[in-house]
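Take a look at the structure below.
The values are calculated or read from the model by the stated rules, or taken from the named source; none is laboratory data. Keep in mind that what you see is a predicted model, and the values were worked out from it rather than measured. Reconstructed Cβ throughout: ideal geometry from the backbone, glycine too, with neighbour counts over all protein chains shown. The accessibility values were calculated without ligands, DNA or RNA, using every heavy atom of the protein model including side chains. Shrake-Rupley method; radii C 1.70, N 1.55, O 1.52, S 1.80 Å.
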Amino acid sequence: MRRDDRDAGGMVKRPPAGTIPDQPGSYQFKDAHGRVIYVGKASSLRQRLSNYFQSPRNLHPRTRQMVETAESVEWTIVRNEVEALMLEYSLIKQHHPRFNVRLRDDKSYPFLAVTVDDQWPRAMVMRGRKRKGTRYFGPYAHAYAIRDTLDLLLRSFPIRTCSPNKFNEHERLGRPCLLFHIEKCAGPCVGEIEEMPYRELVRELCDFLAGDTDEIIDRLDVEMREAADTLDFERAARLRDRLVAVRKAVEKQQMVADKNEDVDVIGIADDELEASVQVFFVRKGRVVGRKGFVLDKVEELSPGKLVDRILEALYGDEPPTGVPKQVLVPNEPDDQATYEEWLSHLRDSKVQIRVPQRGDKRALLETVSRNAGEEFTRHRMRRASDHNTRSRALTELQEALGLPEAPLRIECYDMAHLQGTDYVGSMVVLEDGLPSKREYRRFKVHVAGNDDYGAMEEVLTRRLQAYVDERDRPIGEKGDKPGKFAYPPQLLVVDGGKGQMNVAKRVVDELGLGDEIPVAGLAKRFEEIYVPGRSEPVEINRGSEALFMLQRIRDEAHRFANTFHRERRSKRMTVSSLDGIPGLGEVRKKKLVKAMGGVNAVKRADLDDLKALSFLPDAVAEAVHAKFHS
């Protein structure tokens, strides 16, 4: 690994000849603050990096901007191209470099999830991070589509959908809920079904959702006819209803390929700046889910390189639907062999990436690409004005406040308290004019009485001192992951007038950051903006995009601070009857309540029942019993 300074022309200085290894690896360009701004991979680091150190006139404008912004370059050698690909993806996910392609997926797509690792597995709608021991089916465009599908299937596969609390409650009461009575749950909570038959129901439901529908339909049809032949008409009628429900669910899954085919189909519509991507997940020949997202083309991308980035976004984390045997794409990846080897490693069997030329698969790819084009049109209509107004707002702020550059990172601070109690502070961040919620921070403030100035000074000192400490740490002592406050704002805004602005300016100057971090205060009364060195507020046209952006970040800081304040106040005011018992801390308290089925159950429990709990020492069990049975 090596770092190199900038040359006199403002470009990263080319490393000495022969110092860059002719081996596979990942390389990272960093800016003056040590922030990773671009991550790439190469089968030969020497050949790839040499492309960046040519005449700026020969570089793509985005590449030239990246190289001019960079202050140093580092590289990491790996054994092969697949490892280089995996390292590149890991670094991009960790650092979110500003010059790498950005995935903007504003939707958290819902999945139909089955918690197969539970004793009594449960079916439910789930979003967000994927959990081990859970099978996922989808994603679906809307949560109601999952509920409609599940409602049809529960008569055929009546597994539970209730929460653990509700399950435990009915298990304790010995009475099933309404879903059991309308035959949409087998009633495991009251022992109406044994574990192995219940597991078989769960397996059949998962097989059905995975596309194995014919076997289940044939079996239900045979069982229905056998029941009718033996004159068991009541059972035959139930089986008939199950069969009708299953067939309705099958009709919702569009048949697009042979019944033994698993394939993901990727359609793309793009322009110079963005790309809209639609993915259809086909299992056993049926479309079992779809997903769409938009990529910002921050870096220079050929059609093949764009496919590379899409594949990384889809399969970089373990995909809930798994890796199929075939991935259909509109253009071959730039390094098709490496990506096929990577996907084959993830699947543990051969995976093929191909561009279909004719037949049903070509027609299917055209359908998915048409969906991508339609979504791209809708996206551009939604975002055209938004993108332009954000750029205009940042330019207006730069001009109005006399900033050296457009403030791509703006931080805003606010305080919240109730008559001096539960004092908290908030920091919210806009990056490129958009909220960056992963950068939000909140602070517990330790000041005496109602002292907004003191609170602001404490919060800003803690935040900026952390930045100074991170900046001044020797290179060798810096970890792989940057600290929480590793990057400085290009505009620091405080919620308040001239007084709060003066506090912020004093903190910035005391830490030696006066020339680096501009400060502004936004007063609520007339939306006046105060900056250091001026007795009168800065004039920004009311209704301008710049003022609207400052109002929005100020309101977000206010909301974030108040939310944290309410949480602290609520927690302080919530007192449990289990509080104050010697030896019963928060962790042990939660375990006790969960094991006994609630606080009231703990109060009624016998001493022997409490001592039987393995995690509860006898002395603590006696203290709990004495608290409620003295």
Return the long-range amide H neighbours of Arg122 (sequence gap of 5 or more, or a different chain), with a cut-off of under 5 Å between placed amide H atoms.
Thr115
Can you grab the distance from the C-alpha centre of segment 20-97 to the C-alpha centre of segment 486-555, Å, no decimals?
36 Å
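Could you work out the helix-only [θ] at 222 nm for the chain, with each DSSP H run of four or more residues adding -39,500 (n - 2.57) and the total divided by the number of residues, to the nearest 500 deg cm²/dmol? All intermediate terms of the calculation are to be shown ahead of the outcome.
On the way: 19 runs with 271 residues, N = 630.
The per-residue figure over the chain is -14000 deg cm²/dmol.
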Based on the alpha carbon coordinates of the chain, what radius of gyration and maximum Cα-Cα distance (Dmax) apply, in Å?
30.3, 96
Arranged from highest to lowest average of other beta-carbon atoms within 10 Å per residue, in what order do the peptides 512-518, 336-342 appear?
336-342, 512-518
Which net charge results for the neighbourhood of Lys591, defined as the other residues with beta-carbon distances under 15 angstrom from its beta-carbon, given Lys and Arg at +1 and Asp and Glu at -1?
+3
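Go ahead and run the numbers for FRET between Arg172 and Phe628, Cβ-Cβ distance against an R0 of 22 Å, rounding to 0.05. Don't skip to the end; give the middle numbers.
On the way: r = 19 Å, r/R0 = 0.86.
Rounded to the nearest 0.05, the efficiency is 0.70.
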How much length would be gained if the chain were fully extended between Asn51 and Gln352, taking 0.36 nm per residue of separation minus their Cα-Cα distance, in nm to one decimal?
105.3 nm
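Give me the accessible area per residue for segment 493-630, probe 1.4 Å, as a whole number in Å². Kindly include the intermediate steps, with their values, before the conclusion.
Values: 7840 Å² over 138 residues.
About 57 Å² of surface per residue is accessible.
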Computed FRET value (nearest 0.05) for Asn600 with Asp232, which takes r as the C-beta separation and R₀ as 60 Å:
0.85
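Arrange the peptides 226-233, 43-50 so that the one whose residues have, on average, the most other Cβ atoms within 10 Å appears first. Let's see the in-between values first.
Details: 226-233: 12.0, 43-50: 16.6.
Per-residue mean Cβ counts within 10 Å order the peptides as 43-50, 226-233.
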Expressed in nanometres to one decimal, the distance between label points 7 Å along Cα→Cβ at Arg409 and Ser577 is 5.2 nm
Once you place label points 7 Å from the Cα toward the Cβ at Glu374 and Glu516, how far apart are they in nm?
5.2 nm
Environment charge of Leu610, counting only residues whose C-beta is closer than 15 Å and scoring Lys/Arg +1, Asp/Glu -1:
+3
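Using the structure shown, select from Lys437/Lys505; Lys93/Lys594; Lys291/Lys350; Lys93/Lys484 the pairs with a Cα to Cα distance greater than 27 angstrom.
Lys93/Lys594
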Please work out how much accessible surface Ile581 shows to a 1.4 Å probe, ignoring ligands, DNA and RNA, in Å² rounded to 10.
10 Å²
What is the local net charge at Gly25, summed over the other residues whose Cβ is closer than 11 Å to its Cβ (Lys, Arg +1; Asp, Glu -1)?
-1
Summarise the accessible area of the chain (1.4 Å probe, protein heavy atoms) by the percent that is carbon and sulfur.
47 percent
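Ranked highest first by average number of other Cβ atoms within 10 Å, how do 439-450, 78-89 line up? Kindly include the intermediate steps, with their values, before the conclusion.
Details: 439-450: 14.8, 78-89: 18.8.
Ranked by mean Cβ neighbours within 10 Å, highest first: 78-89, 439-450.
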Separation of alpha-carbon centers, segment 444-458 and segment 595-623, rounded to whole Å:
43 Å
